[in-house]
1. Looking at the stretch 334-355, which of its residues are open to solvent by 20 Å² or more (accessible area, probe 1.4 Å) and under 23 Å from MET137 (Cα atoms)?
2. From the list ALA267, ALA261, ALA307, exactly one residue is surrounded by fewer than 13 Cβ atoms within 10 Å (Cβ to Cβ) and either closer than 29 Å to GLY131 by Cβ or in contact (Cβ under 8 Å) with a residue 24 or more places away in the chain (or both). Which is it?
3. List, please: which pairs have Cβ atoms under 6 Å, are six or more places apart or on different chains, and start with a residue in the stretch 59-73 that is under 12 Å from LEU37 (Cα atoms) and aliphatic (A, V, I, L, M) and end with one that is open to solvent by less than 10 Å² (accessible area, probe 1.4 Å) and outside any strand (DSSP E or B)?
4. Considering each of LEU183, LEU202, LEU209, LEU134 in turn, give the residue that is under 21 Å from the mean Cα position of the chain (by Cα), closer than 28 Å to GLY251 by Cα and open to solvent by 40 Å² or more (accessible area, probe 1.4 Å).
5. Can you name every residue in the stretch 310-335 that is farther than 20 Å from SER264 by Cα and without any contact (Cβ under 8 Å) to a residue 24 or more places away in the chain?
6. Within the stretch 17-60, track down each residue that is under 19 Å from LEU346 (Cβ atoms) and not charged (D, E, K, R).
7. Select from the stretch 116-131 the residues that are over 24 Å from ALA155 (Cα atoms) and open to solvent by 10 Å² or more (accessible area, probe 1.4 Å) and write down the one among them that is modelled with the highest pLDDT.
8. Kindly evaluate ASP52 against the criterion of being charged (D, E, K, R) and under 14 Å from the mean Cα position of the chain (by Cα).
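The values are calculated or read from the model by the stated rules, or taken from the named source; none is laboratory data. Quick caveat, the model's predicted, so the values are computed rather than measured. Cβ: placed from backbone, ideal geometry, glycine included. Neighbour counts: every protein chain shown. Accessible surface areas use protein heavy atoms only, side chains included; no ligands, DNA or RNA. Shrake-Rupley method; radii C 1.70, N 1.55, O 1.52, S 1.80 Å.
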Amino acid sequence: MRIVVDDAIAAAESAFAEFGELIRLPGGAITADAAELRSANALIVRSVTPVDERLLAAAPELGFVGTATAGSDHLDHAALARRGIRVADAAGCNAQAVAEWVCVALMSVLPTLPTAIARGPIGVVGVGQVGSRLVGMLRRLGWFETLLCCDPPRARRADSSEAWVGLDELWARCSIVTLHVPLSASGPDPTLALIDRERPELSPSVPKLLINTSRGPVVPTRALARADVHARALDVFEREPELDFEVLLDGRSRLLSPHVAGYSLDAKLRATARMRSALAEWLGRPPGELSDSLGELRLAADPDEIAILHRIVDLPGDDRRVRALADLPVHERAAAFEQLRRGYALRREFAGCVVERGPASERLAALGILSR
């Protein structure tokens, strides 16, 4: 049994080594030209590795493909199905981390915006694993009098008491819009270029903060210059790792992050455990347990809430590092962007954080950060 694993996947050795020979490669090196694929039986990747017809043709022994990511648009599902290859993903494993990132982004950016924007209404587009957690957190925090939700598949199922609105209405009414949709180019609810130059209809009387942590192509670069987008907080980009700095470095980009909104240690270990369980099931073996113990992140009390939050989610540092890529020679930027992701210091989620020697504020407690 030969298992090829992206070497940025957390705890891979303890998760997979017992099932066979473990071969760890950088995600960018897992291509059709990688000799290691020729005898691989299982492949576990991240979103940087497209698993397409060409790669599959180079891996004739492959029977299992897992992606330790929430999204799976980098997998050619039709080609995998034709080969009868078992596929697993980690949908939902990083949902809490992304929802927390958005809350910290809001607390970081809103004070820099005109009052008419900062007070909402806020609209959440996509109320699945991430969006539902975010909606719950925002309601507990009580930041906005009006919170609108748009999720056409859930609205059709009528599976909750949520008062759903369409995208056009949400965009017209909300001064803050945050996107949490999968990337899809077809079907009843395509999200490719969901926000484009003039779709939804421009609403210059309601300028917006646009937050995107879903997938870059949901908001093509051309759409970032919409007249009604006053400010942006972006974790994903249309052509990453190739970033359009001419657009991104204008004054409307208040926060840039290198596609790490879901990069918590908790989420990474959940995703690895999900891959371990799926691989074990495919092999007909018990999954067992990962032995990694996370412990707590202890934080000194500070009257400045945002200072505490930035010790957990270093958004100012991430923003500086992304902007610094523009100073590199053009041919070095893509590799440097990927290195920001690979070298990211995995943070703890709020439930694993404790404020010491002082009470956590009411808002920190609402976010799930305890005091001791």
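1. LEU346, ARG348, ALA351
2. Numbers: ALA267 fails: surrounded by fewer than 13 Cβ atoms within 10 Å (Cβ to Cβ); ALA261 fails: surrounded by fewer than 13 Cβ atoms within 10 Å (Cβ to Cβ).
From the options ALA267, ALA261, ALA307, the qualifying one is ALA307.
3. Qualifying pairs under 6 Å: ALA59/LEU37; ALA59/ALA40; LEU62/ALA40.
4. On the way: LEU202 fails: under 21 Å from the mean Cα position of the chain (by Cα); LEU209 fails: open to solvent by 40 Å² or more (accessible area, probe 1.4 Å); LEU134 fails: open to solvent by 40 Å² or more (accessible area, probe 1.4 Å).
Of LEU183, LEU202, LEU209, LEU134, the one residue that is under 21 Å from the mean Cα position of the chain (by Cα), closer than 28 Å to GLY251 by Cα and open to solvent by 40 Å² or more (accessible area, probe 1.4 Å) is LEU183.
5. ALA324, ASP327, LEU328, PRO329, VAL330, HIS331, GLU332
6. Start the filter on the stretch 17-60 by keeping residues that are under 19 Å from LEU346 (Cβ atoms), which leaves 24, 26-27, 44-48.
Within the stretch 17-60, PRO26, GLY27, ILE44, VAL45, SER47, VAL48 meet the criteria.
7. So the first thing to find is which residues in the stretch 116-131 are over 24 Å from ALA155 (Cα atoms), and the list is 116-119.
Then drop every residue that is not open to solvent by 10 Å² or more (accessible area, probe 1.4 Å), which leaves 116, 118-119.
Working: ALA116: 92, ALA118: 95, ARG119: 91.
Step by step, filter the stretch 116-131, then rank; the result is ALA118.
8. No.
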